[in-house]
Structure formats: C-alpha cells, structure tokens
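Take a look at the structure set out below.
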Amino acid sequence: MSSSYQRLALGFSWPHAVLALVVFVVEVIIATQLPHVSWIRAYLGDVLVVVLIYATARSVLRVNDYLLLLAVFVFACCIESAQYFRLAERLGFVRGDVMYTVIGNTFSWGDIVCYAVGCAMTAWLVFCRNKLVSRQFTQARRAIRMRG
C-alpha cells in the first residue's frame, strides 16, 4: 500500500468538538434571533453549515481534512439537489417538521456557492494550521539538535 493511503480511524478531538458546538450555537442564534436579517440567514448560515458538518465529523474521525471537506461539500450539494426535487414534500414532511427544515425546500445555486466558500475557508484554515504546526515541529527539532 502507498504511504498516502489513510484508513478511517475513530478518535475524539476536543478542539473540533468545541468548534462544532460554537458553530451550532451561532447557527441556532441565526435561525431564532436573526430571521429578519435575510442575508445573514441565507448566506452566512449556509457558509457555516458546512463548517458545522466538518467540525462534527472531524471531532470523532481521524481522516484527511481535505478529503473530509470534499465529502462535506458533496453531501451539501446532494441535500441541495434533494431540494430541487422537493424530496422533503415527496417524503410527506410538511413545513415545521424537523426533517423538512433539515432537507429544505428551495434549491439555490447561491447556496452551493456558499457551501463552496465555507469549505474553501475551512481548507485554508486547515492549511494555515498545518503550516504553523509544521514550523513549530521543525523549530523544536532544530533546538533538540543544537543541544545534542
């Protein structure tokens, strides 16, 4: 097997769990306290929902961050496609049902753009975090060599 192969592994991550909780609270605030500010609910909520899904999955899975973000984007696009076909209504859910809200009812290319922005922003933050950790590791290794 190649060294780039990485199998699915379970393991809890506190930082990702806290991020998921914080983003969830922000999403609830947006939905309950800011429904009258349409651009926040329509755009920021869609950007944050992919961050929420990523952080939730990453809090229990040890996987490649970029592959997970790709999977989150594909999943979000599948949900958006289900809205195009009015899946929630076809399954018998009505406005107000939790599943009706989760699946949604209105397809929008703008939502897909927001999902892409959310995934891209998260990928950029992961990249920056990895660079910082790599730099710290390299500096620590140099310090150890200098002592020895």
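The values are calculated or read from the model by the stated rules, or taken from the named source; none is laboratory data. Small disclaimer: the values here were computed from a predicted structure and weren't measured. Using ideal geometry, Cβ is built from the backbone for each residue, glycine included, and neighbour counts are taken over all protein chains shown. To get the accessible areas, we keep the full protein, side chains included, count just its heavy atoms, and leave off ligands, DNA and RNA. Shrake-Rupley method; radii C 1.70, N 1.55, O 1.52, S 1.80 Å.
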In the chain, taking the dipole from +1 charges on Lys and Arg beta carbons and -1 charges on Asp and Glu beta carbons about the Cα centre, the listed residue (128, 79, 23) farthest towards the positive end is 128
The FRET efficiency for residue 29 and residue 135, from their Cβ-Cβ distance with R0 = 30 Å and rounded to 0.05, is 0.25
Label points 7 Å out from Cα along the Cβ direction at residue 125 and residue 143: separation in nm?
-> 2.7
Hey, if we sort 128, 114 by accessible area with the 1.4 Å probe, largest down, what's the order?
-> 128, 114
With every protein chain kept in place and a 1.4 Å probe, the residues 79, 29, 144 fall, from largest accessible area down, as 144, 29, 79
With at most 15 neighbouring Cβ atoms within 10 Å, loop trypsin sites (Lys or Arg not before Pro) (DSSP) excluded, longest segment of the chain | 8-85
Multiply the residue separation of residue 7 and residue 107 by 0.36 nm, subtract the distance between their alpha-carbon atoms, and state the gained length in nm to one decimal.
-> 32.6 nm
Rounded to the nearest 500, what is the 222 nm mean residue ellipticity of the chain from helices alone, with -39500 (n - 2.57) per DSSP H run of 4+ residues and division by all residues?
-> -23500 deg cm²/dmol
Expressed as a rounded percentage, what relative contact order does the chain have, with Cα pairs under 8 Å and six or more residues apart?
-> 25
Using the membrane-span-like helix rule (whole DSSP H runs, Cα extent along the own axis of at least 15 Å, mean Kyte-Doolittle hydropathy at least 1.6), which helices of the chain qualify?
-> 14-33
Putting +1 on Lys and Arg Cβ atoms and -1 on Asp and Glu Cβ atoms, find which of 63, 45, 119 reaches farthest to the positive end of the dipole of the chain.
-> 63
Note down the accessible area of residue 99, probe 1.4 Å, to the nearest 10 Å².
-> 80
Scale the Cα Rg of the range 35-138 by the rule-of-thumb value 2.2 N^0.38 Å and send over the ratio, two decimals.
-> 1.25
